[in-house]
1. Could you please give the count of residues in segment 80-110 that are open to solvent by less than 50 Å² (accessible area, probe 1.4 Å) and not in a helix (DSSP H, G or I)?
2. Specify the residue that is least open to solvent (accessible area, probe 1.4 Å); the eligible residues are those in segment 123-152 that are in a loop (DSSP other than H, G, I, E, B) and of a type in the set (Ser, Thr, Tyr).
3. Looking at Val11, Val5 in this structure, which one is open to solvent by 40 Å² or more (accessible area, probe 1.4 Å), within 18 Å of the chain's Cα centre (by Cα) and in contact (Cβ under 8 Å) with a residue 40 or more places away in the chain?
4. Any residue in segment 85-112 that is more than 18 Å from Asp154 (Cα to Cα) sitting within a Cβ distance under 7 Å of a residue that is open to solvent by 80 Å² or more (accessible area, probe 1.4 Å) and not hydrophobic (A, V, I, L, M, F, W, C)? List the pairs, counting only those 6 or more apart or interchain.
5. Sort out for me the helices (runs of 4 or more DSSP H) sitting completely within segment 1-79 that have 1 or more residues that are touching a helix residue (DSSP H, G or I) at 6+ places or on another chain (Cβ under 6 Å), within 21 Å of Ala172 (Cβ to Cβ) and at pLDDT 95 or above.
Amino acid sequence: MLEEVGAPYEVSRMTYEESKGEEHLARHPLGRVPVLEDDDGRLLFESTAICLQIADTHPQAGLIPAPGTYERGLVYQWSVFGPAELEPPLIESAIHAQTDPERSAKARKRFDKAVAAVSASLDGGEYLVGDEFTVADVMVGSALAFTARTGHADELPGNLQAYVARLAERPAYKRAYERTEDRAPA
């Protein structure tokens, strides 16, 4: 999102141990990432909240429709859907694939059902809301792109494979990936 709006930023990396330390727990009470710290030292955590805030504070980027519109509601809907309905079952399925295949399969069915909803929503369009790239595409696209790490990217419906590929071709995506490609702590 920061690349999409052209805002300067720094990426801080930490080890697992550092994430559980007092300094980071002061930023996020559960010791998770991401956390956004603005120029005034104010903190915001949770990916969806961060992305929506960035869109709101950079309206010139056009990544979120006007307040009160139906399209704005759709951006909220899909922005929450990615981390709430796609990510948990995908991660659960991957984590338990070897140790609990039955649990993994059940999680995968939930993921596939959520994927079908996204696939149907695209309905031949380029993006999720009004055929314009929005925060919703960042959130849903990120969740779907994670299938590459779990080895399931080729199992997505064809329109979602094309959607993920289209998002990965955005200049902002490429810049962000280059900046964070080495995801190991420094």
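The values are calculated or read from the model by the stated rules, or taken from the named source; none is laboratory data. Every value quoted in this text rests on a predicted model; they were computed, and no experiment measured them. Cβ placement follows ideal geometry from the backbone for every residue including glycine, while neighbour counts extend to all protein chains displayed. SASA here: full protein model, heavy atoms, side chains in, ligands and nucleic acids out. Shrake-Rupley method; radii C 1.70, N 1.55, O 1.52, S 1.80 Å.
1. 1
2. Taking segment 123-152 and keeping what is in a loop (DSSP other than H, G, I, E, B), we get 123-128, 130-131, 133-134, 146, 151-152.
Add one more test, that the residue is of a type in the set (Ser, Thr, Tyr), and what stays is 127, 134.
Details: Tyr127: 39, Thr134: 5 Å².
Per the stated criteria, the residue is Thr134.
3. Val11
4. Partner pairs satisfying both residue conditions: His96/Arg103.
5. Counting at least 1 such residues, we get 2-5, 47-57.
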